[in-house]
Every structure is written in structure tokens, then in C-alpha cells.
Amino acid sequence: MLSTKDLNKRFGSLVVAQDIALELPAGVRYALIGPNGAGKTTLINLLTGLLAPDAGQIFLAGREISALRPEARVRAGLARTFQINTLFAGLTPLESVAIAVLEREGHAHNWWRALPAFGAAIEEAHGLLAKLRLAPVEHRATRELAYGQQRLLEIALALATRPRVLLLDEPAAGVPQDESAELFAAIAGLSQELTVLFIEHDMNVVFRFAERIIVMVGGRILAEGTPGEVARDARVREVYLGKHARAA
Amino acid sequence: MRPLEAAFWAATLLPFVVTPSYLALASQVAITALFALSLDLILGYAGIVSLGHAAYFGFGAYTAGLLSKHDFGEPLTGLVLAAIAAGLLGYVTSHLIVRFRHLALIMLTLGLGLLLAEAANSASWLTGGADGLQGVKTAPLLGFKFDLYGRTAYAYSLAVLFLLFLVARRIIHSPFGLALRGIRENARRMPAIGAPSLAHLRKVYTIAAVMAGAAGALLTQTTSTVSLEVLSFGRSADVLVILILGGAGRLYGGIVGAIIYMVARDQFASMNPQYWYFWVGLLLVAVVLFLPNGVLGGLSALYKRPE
Ligand SMILES: Nc1ncnc2c1ncn2[C@@H]1O[C@H](COP(=O)(O)OP(=O)(O)OP(=O)(O)O)[C@@H](O)[C@H]1O
Ligand SMILES: [Mg+2]
């Protein structure tokens, strides 16, 4: 569904992506793991067009999207969330999600009809928020929401674009452990056709929710495989899991 | 329209009977309010800070002036053509403007404004330069002459303000208006939910230029004069002050700001005109300190408190 060919990116002398070749089939839950600074967020930025790669190509459902602007990639079916909340602080969750729905439906250019005329879009936004249990706060200003609710809204915004591939950058970053489990349960409950790639540092969560794992270190993909394969991989144990095991 | 709004617009008719000797001022207020409303669309709703918005006002003013000088003095046609001309200028410049934010944006709008003002100054064969455009004669509006008391002028300005206000009101309550608020709140998130922010910004910038151009044309037609002042930095700065004073992003902010500012300036002018900007400065400091959301923001906070 989503694939890349020889993706490369460096910041000055720092190599953050080196010959990245991905192949994510439809409907699989991927975890992307790797130490801090490994280049995970950078990879998402490259895939979604926030950063331009120095070299390489990106394909979504067989179509090359490397030259598309970020919003065009979203319309093609590639959505993402942000490691650090990137929300509309002064808008309500309902308004925020409605923007995405209206944009997807091609109504966002409409400046002559009032919002209530777009009942279906508002209803859809409400339904999406209800699914993520945000309906009770959908009329509050986003900045007043609890942090965990804001993390959920991050996901709601991405889902409102009806993606085929969803990239989640540490969806549970900063969320207490019990809430984190709830959040990942919500992610696990998403449509089975959706391809999901999530970045996560908590190995319990990774091994519980990922069907496959990609390990990134120093801008390279070190290993890719099922949780069992990755756990047994000697290089991974040495470079990454081993370190964590020692720290624990 | 809510009762309070209806009452407000009904009250705008009061000058005809209560202060008939101030209709010329009332007309200026309506024109400035329209200009501030156009700035509100880009600044208050889309977050584009401009220090050169007079470029579009002045472009509309000169277009209307040149048209009437060359015997196309019918005001409604002139108004529409001037608004379109300003809109075209807005559309062209928007391609540059929307790529920038923050300080760069302020410098850019300031630069474009100064550029146009200086161009108009140099092209004296066309604009009359520092002497202003000579020979502007506005034909009667639908049979009504522009009288000395300003009755026609105020009726005309008020009608255009009201119509374009309704348009602005539509815009901000539409999906497009919601998308603009999204851009203002978080420009970085918009592309990530599939929104072509730059296209939205170009569109609202063009619409705002049309409205500013209409305001400029109204000034030309109701006063039968055009001078370089319509393009000046002072005019850009004044309208910004007016909007901040009234409350940006509140639809009525520009109108309320224009009323307060213009009436106050008129009162001061009869006393100590040279101190006007001293008081403006003081007012600005006071607004920023005590009413960060403008007069309307302060009023709505008062109104909400008892709940
Ligand atoms: N715009 C930039 N300019 C220069 N260096 C950058 C930029 N963005 C990221 N980096 C650097 O690139 C490296 C990879 O950063 P990235 O954010 O992709 O890491 P990450 O794997 O997401 O880490 P974390 O787990 O901490 O989120 C880091 O060393 C970071 O400092
Ligand atoms: Mg990261």
C-alpha cells in the first residue's frame, strides 16, 4: 500500500535517512521503533511531504506521490498525527474535525453557504469524535481539553481525512500508562483495511499491538519482521533492545 | 440576524435625523468601517498581518477617480470596476504574500504599500502626483446628486457597507470561513488534514482587496477628490489601529473601531489636531494593556461574566 525506494535525507552532515526501502501491505499494523534521534519522525515527514528527500521515491497504492504537495498526499490517502500536539487551540474539536471532513468532501471552497447547510459533514465529524469518546467535549475550546483528549483529537483529525495509510507519531507520548493502553485499544479497533504505522517507545505496547516491527537506527532500517523475529534478531538486541533491557 | 444586530443597523440610520450636519463624517466612518472589515477578513480570520492594506484601498480610489475623470462617472459602474481592479491587484500580489508569515509578512506588505504609493507619486501624468487627481466628477447616483450635506454620500456608503458586511458575514460562517480560522489557529496542521492553505489564503486576500477597493472607490466618489493619502502608510496604520481597537476577528470590530476612532479624531481636530497621534498612541497602549481583544472583546467578556 505504501512503499519507498532508496529514500535519503541528510541535515548537513547528519544522515537521518539512508536508503530507506519500505513496503507496507494493506491492513497491517506496523510499529516503527528506534532510539531517540534515529530518524523516525523525519521518516514520517519525508513520507507526508513536510520534508523533501535528497533522493528516492514514495509510492501510495502503486502511484508515485513523491512530487505531490503534503495536502495532495493526504487527499491521496496518507494521513499522519504529530508527536507534539499540532491542533487548532482556539477551535472546538467539532470545528477542527469538520474542517478536515469538509475539505475531503470538496466543500471547503464554499464561502456562500452557512455551515448548518452541511449537516452531513458535521454529523460525520460528531460520529468520529463519539467513536473516540470525545463527544462530551466536542464544543469546548481545544486548548481546554485534557492532554489525553488532545492526543485522541490528533487521531480524530487524521481519521477525518479517511486515510488508507495512517502514520501515528508516538500517539501516546506523554500519556500516563493506563490511558495509553486505552488509546492503543482505540487504534487497534480501527478498520482492518487501514494500514497503520505507529512510532512507540514502550516495548510492551509495541509487542502487544504491532503485527510487524520496523527497527530504525541512525537513519537506517536495521530490521523488519514479526515481533518474534525482531525480538530474536541479534543486531536489534545489541543495538536497541539490549540497551533497554539493561536500563530496565 | 439577531435583534442586537438589527438594532445596530437601524441605529446607523439615526445620523440622517439626529445629526444631519455630520453626514459627511458619517459617510467617512462607513467607508473606513468597510476598509477595516476587509482587513478583518485577512487579519482577524486568516491571520495575515498587513501594514500595507491601503494599497488596495488606494488602487480602488484611483481607479474610480480615473474613470470619472474620463467621463465614466456613473458611480455604481465605477464602484464595481474599481473593486474588480483592486481585486486583480490583490490576486496578483497574494501569490507572494501568502508564502510569508510573521515579520517577513509585515515587511512585505509594508514594502508593497510603499512601492505603490511611490509609483503613484511618480506617475503624476496619470495620478496628478502630490497635487492629487484633478477633474473628478461623480455623476448622480440613480438620479440623486451628491449633495453638500452628504445625504446621498452617507446613504450610498452605508448601503455598500451593509451589503458587503452581509457578504463578509456569509464568508465567516461558511466552510471556507472555518478553514480560514483553521489556518489562523494552526497553519502547520492544515496541509496535514488535506487543506490547501495557500489557495485559501489567496482567495481571502483577493476578496479583502475587492472590499478595500470598493471602500476606496466610495471615498473618491463621495468626496470627488483623490490624493496620495489614500495610498499612504498612515492609512494602512490607521486601519490596523481601528481594527485592533474595535476587536479583530469579531466581524463588528472594524465597524465599532471606525466609529470610535473617526468620531474621536473629528472631536480632537477641532481642539488640538497636532496632538492626535499622541492620543492614538495612548489609546493603543491602553487597549493592549486593558482590552487585548479590543472594545468588542472587552464588552463580550463583561457580558459573559454574570453567567
Ligand atoms: N529540521 C532539522 N534540521 C536539522 N536536524 C534535524 C531536523 N529535524 C530533525 N533533526 C535531527 O535529525 C535527527 C532525527 O530526528 P527525528 O526527530 O527524526 O528523530 P526521532 O527518531 O523521531 O526521535 P524521537 O524518538 O526523539 O522522537 C535528530 O538528531 C534531530 O536532531
Ligand atoms: Mg520523533
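Table for the structure above
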quantity: Residues within the range A:18-54 that are closer than 24 Å to A:Arg75 by Cβ and not charged (D, E, K, R), tallied; calculated: 22
quantity: Matching entry among B:Gly177, B:Gly182 (being free of Cβ contacts under 8 Å to residues at least 60 places away in the same chain, within 14 Å of chain A (Cβ to nearest Cβ) and surrounded by 17 or more Cβ atoms within 10 Å (Cβ to Cβ)); calculated: B:Gly182
quantity: Residues located in the range A:203-228, provided they are in contact (Cβ under 8 Å) with a residue 12 or more places away in the chain, surrounded by fewer than 17 Cβ atoms within 10 Å (Cβ to Cβ) and part of a helix (DSSP H, G or I); calculated: A:Phe207, A:Arg208
quantity: Output for the range B:181-229, where each listed residue is among the hydrophobic types (A, V, I, L, M, F, W, C) and within 17 Å of B:Leu163 (Cα to Cα); calculated: B:Ile207, B:Ala208, B:Ala209, B:Val210, B:Met211, B:Ala212, B:Ala214, B:Ala215, B:Ala217, B:Leu218, B:Leu219
quantity: Residue among A:Phe82, A:Phe88 that is under 13 Å from the mean Cα position of the chain (by Cα), within 14 Å of chain B (Cβ to nearest Cβ) and closer than 23 Å to A:Thr142 by Cα; calculated: A:Phe82
quantity: Which listed residue is closer than 26 Å to B:Leu114 by Cα and either modelled with pLDDT of 95 or more or away from chain A (no Cβ under 14 Å) (or both), from B:Val256, B:Val241; calculated: B:Val241
quantity: Qualifying residue in the range A:22-44 (condition: over 28 Å from A:Glu193 (Cβ atoms), more than 9 Å from ligand 1 (Cβ to nearest atom) and among the acidic types (Asp, Glu)); calculated: no
quantity: Breaking point among (1) touching a residue at least 60 places away in the same chain (Cβ under 8 Å); (2) assigned to a helix (DSSP H, G or I); (3) polar (S, T, N, Q), for B:Ser50; calculated: (2)
quantity: Subset of the range A:34-55 (residues that are within 16 Å of ligand 2 (Cβ to nearest atom) and more than 13 Å from the chain's Cα centre (by Cα)); calculated: A:Gly34, A:Pro35, A:Asn36, A:Gly37, A:Ala38, A:Gly39, A:Leu50, A:Leu51
quantity: Where A:Ala108 falls short, out of the listed (1) within 7 Å of chain B (Cβ to nearest Cβ); (2) touching a residue at least 60 places away in the same chain (Cβ under 8 Å); calculated: (2)
quantity: Residue satisfying condition, being more than 18 Å from the chain's Cα centre (by Cα), touching a residue at least 24 places away in the same chain (Cβ under 8 Å) and more than 14 Å from ligand 2 (Cβ to nearest atom), within set A:Leu68, A:Leu2, A:Leu7; calculated: A:Leu7
quantity: Test set (1) away from every other protein chain (no Cβ under 12 Å); (2) under 16 Å from the mean Cα position of the chain (by Cα); (3) not aromatic (Phe, Trp, Tyr) - B:Val167 fails condition number; calculated: (1)
quantity: Residue satisfying all of: in the range A:64-74; surrounded by fewer than 18 Cβ atoms within 10 Å (Cβ to Cβ) and outside any loop (DSSP other than H, G, I, E, B); farthest from the other protein chains (Cβ to nearest Cβ) among these; calculated: A:Glu64
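The values are calculated or read from the model by the stated rules, or taken from the named source; none is laboratory data. Keep in mind the model is a prediction, meaning the values are calculated, not measured. Every residue, glycine as well, gets a Cβ built from its backbone with ideal geometry; the counts of neighbours run over all protein chains shown.
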